[in-house]
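The values are calculated or read from the model by the stated rules, or taken from the named source; none is laboratory data. Nothing here was measured: the structure is a model prediction, and the numbers come from that model. Heads up, the Cβs are rebuilt from the backbone with ideal geometry, glycines too, and the neighbour counts pull from every protein chain shown. Calculation scope for accessible area: heavy atoms of the full protein, side chains included, ligands and nucleic acids excluded. Shrake-Rupley method; radii C 1.70, N 1.55, O 1.52, S 1.80 Å.
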Amino acid sequence: MLQIGSKLPPQNLNLFQVKGDSPKCHQSSFAPVARYSSSSSSSSSLATSQPVKHVSSKSSSTELTKQHLDKLFQKQSPQSSQPDTLPVPKVSGNGSFANRGRALLEGLSLARIWPEMKAAEEMSPRHMNRLQSLLSKTPEYSPRNNLGSRWREYHGCNDWSGLLDPLDENLRREMVRYGEFVQAAYHCFHTNPAMSTDEHPLPHLVALPERSYRVTKNLYGTSSVGLPKWVDTLAPDLSWVTQRSSWMGYVAVCEDRQEIQRMGRRDIVIALRGTSTCLEWAENVRAQLVEYLYPEDMDYDQGESKVQCGFLSLYKTRGARVPSLSESVVEEVKRLVELYKGEALSITVTGHSLGAALALLAGDELSTCSPYMPPIAVFSFGGPRVGNKGFANQINAKNVKVLRIVNNQDVITRVPGLPMVDDYITPLAYTHVGAELRVDTKMSPYLKPNADVACCHDLEAYLHLVDGFFASNCPFRANAKRSLVKLLNEQRSNVKQLYTSKAKALSLNLERQGLRTCCLPSPS
């Protein structure tokens, strides 16, 4: 390394031999040594006048290098050897500097030091064909596994005990499937949001994610507050934003015999969208708790039941030409239960954001509207708190099963009110209801860790995270099946640059091949 072999006689080379147990990395970049001049006078002086001094300097440099390497590789003494000790890599003195540096880096075994990095690398689709598969994949709307005799377990009869961590494959597919029903409600509303107050609304045509279901009832929500009429005069094109009554969702029932056999029962779905109009936002901020009335003949020793004022208003208020959401849901479900009397039935209420809050109110009311009501389960995505502890106890007493899918980064799931679960008197004493599946935007290999608030609450982002979730100690599975097309279309600014750049090139190729890569944007 000092380039002195050609200047010194062989008999003097032994002066520079470093004795001891030092690693063979004299050219290591961890302990660089200054280059010396190759002139004869310098070489002669170096060889004859101060040999002992330079041996000492060389030994000091080598010892520092050894200490640095020992700290870096976390080398332990032989007396305290452990199975996870990282060995110091052996570097040959004949290789180039680049080769020896590469050998050192390979010897670091970064995957063992940072297992999270290894998992992210393994799950991240580094190859173009993997990303192309996710971009060109058509949605799998319905799981093919036969639920058979276990359908009550997947419907929550045991509060989903043992199915959430790790997440059961059948339950994951059921949750994604119900989320698609809510997406259909969003798309239907935004395709035709306006509604006249002078005549009865026309039926909305819902593009269901599954052909095995048929829509039987359109549902409308009405706000008890309104904006002045001059607002419509100033902005007539935005009248649908200020209208008091709006299409909220639908009731659908499974009519396909093969699907009924696969699921183990005939399923009735109530799907409710989230906040989309100005007046719905106005109801959201009416955060005071109000008394929630239930039938007087029901005996509940669970404390006074209260719910958020705005949610109850949207659920119970009648419109000028439409019944209240409460009336429509109860009437249609009672009709279907009577129609299919004698069959195995289930009622599934699903919603996102505001729809998740209304789904809780609907599930609670449906449980007492008939003595022969089938099992009721609520699947909510990004739902806020709805009521106090008395309301939560009331739902549990009625045996309504609730599974909340919550994103750690979603602020909507932490409002309204204060989480004082033991206080019935405080006006803002809210608490959540039911079991919980917690996902996290930061665990997705596709989304940016600092994704904005809208992305963390977006329904498509929720479905993406649920589809990839495996367990709390392995949050995103490598073989996630859900297409990335919707996620890229709706949250492109929140997707990592690596994938947006590749997706741009792949999208052009897919369009040239005649494959469809477009979809309706999610209004959430």
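How many of the residues in region 319-332 are assigned to a helix (DSSP H, G or I) and either among the charged types (D, E, K, R) or in contact with a Pro (Cβ under 9 Å, 6 or more places away or on another chain) (or both)?
Within region 319-332, residues that are assigned to a helix (DSSP H, G or I) and either among the charged types (D, E, K, R) or in contact with a Pro (Cβ under 9 Å, 6 or more places away or on another chain) (or both) number 3.
How many residues does region 194-214 hold that are buried (at least 18 other Cβ atoms within 10 Å of the Cβ) and closer than 19 Å to GLY274 by Cβ?
5
Quick check: is even one residue across region 198-211 under 25 Å from PHE469 (Cα atoms), free of Cβ contacts under 8 Å to residues at least 24 places away in the same chain and in a loop (DSSP other than H, G, I, E, B)?
no
Yes or no, residue by residue, for (1) surrounded by fewer than 20 Cβ atoms within 10 Å (Cβ to Cβ); (2) part of a helix (DSSP H, G or I):
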{"site": "MET175", "(1), (2)": "no, yes"}
{"site": "PHE181", "(1), (2)": "no, yes"}
{"site": "ASN218", "(1), (2)": "no, no"}
{"site": "GLY221", "(1), (2)": "no, no"}
{"site": "LEU238", "(1), (2)": "yes, yes"}
{"site": "GLY249", "(1), (2)": "no, no"}
{"site": "VAL253", "(1), (2)": "no, no"}
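When residues of region 459-484 are filtered for being in contact with a strand residue (DSSP E or B) (Cβ under 9 Å, 6 or more places away or on another chain), open to solvent by less than 60 Å² (accessible area, probe 1.4 Å) and modelled with pLDDT of 90 or more, how many remain?
So the count comes out to 10.
When you scan region 389-405, how many residues do you find that are of a type outside the set (Gly, Ala, Ser), surrounded by 20 or more Cβ atoms within 10 Å (Cβ to Cβ) and touching a Gly at 6+ places or on another chain (Cβ under 8 Å)?
Final tally of qualifying residues: 8.
Does ILE268 satisfy being open to solvent by less than 10 Å² (accessible area, probe 1.4 Å) and either of a type in the set (Phe, Trp, Tyr) or within 27 Å of LEU463 (Cβ to Cβ) (or both)?
Considered against the rule, which asks whether it is open to solvent by less than 10 Å² (accessible area, probe 1.4 Å) and either of a type in the set (Phe, Trp, Tyr) or within 27 Å of LEU463 (Cβ to Cβ) (or both), ILE268 comes out as yes.
Between residues in region 152-173 that are touching a residue at least 24 places away in the same chain (Cβ under 8 Å) and residues that are of a type in the set (Ser, Thr, Tyr), which pairs lie under 7 Å by C-beta distance while being six or more apart or on different chains?
Within 7 Å, the pairs are HIS155/SER346; ASP165/SER472; ASN170/TYR154.
Out of the residues in region 349-373 that are in contact with a Phe, Trp or Tyr (Cβ under 9 Å, 6 or more places away or on another chain) and assigned to a loop (DSSP other than H, G, I, E, B), state the one that is most open to solvent (accessible area, probe 1.4 Å).
THR368
Which of the residues belonging to region 128-171 are among the basic types (Lys, Arg) and either at pLDDT 95 or above or within 22 Å of ASN396 (Cα to Cα) (or both)?
Result: ARG150, ARG152.
Assigned to a loop (DSSP other than H, G, I, E, B) and at pLDDT 90 or above, is that true of ASN399?
So ASN399 passes the test.
Look through region 255-276, keep the residues that are in a strand (DSSP E or B) and closer than 20 Å to TYR315 by Cβ, and return whichever of them is farthest from the chain's Cα centre (by Cα).
ILE268
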